[in-house]
């Protein structure tokens, strides 16, 4: 049986990591949105930060709710990826609404892709894949024309 102090430290560290995930994803969302706003493109600073933060919050909720509520009953099976799949579907729907066909050309593809990307960053940070997300953001923004 664990000592009460050890349990408190584990709980405290988990909470610190959750808040660290919130701060990291907010900063990355601001970075992604700043890039869009700087280029006078739609889906700038505020919307992208909000999409990213919402995806991160939902991902954290799905992970920790499966952990907490799944432990009450050993026969209860909770899948934390279900909510993540709904995030992806919702972002795809929003992105599709941004795409406008103008003759043979389509406009809004980059904005739609950035919303989808911001959601992926939020999901990744929410799940704790910091290295993967930072590498993705750096590659995305420094591999442009």
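Throughout, read-outs are computed from the coordinates displayed, never taken from laboratory work. Worth saying up front: this structure is predicted, and the values here are computed from it rather than measured. Reconstructed Cβ throughout: ideal geometry from the backbone, glycine too, with neighbour counts over all protein chains shown.
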Sorted by Cβ density within 10 Å, fewest first, the residues 81, 114: 81, 114
Kirkwood hydrodynamic radius of the stretch 88-145, Cα pairs, Å: 12.5 Å
Largest-first principal axis extents, alpha carbons of the stretch 4-142, Å: 64, 30, 22
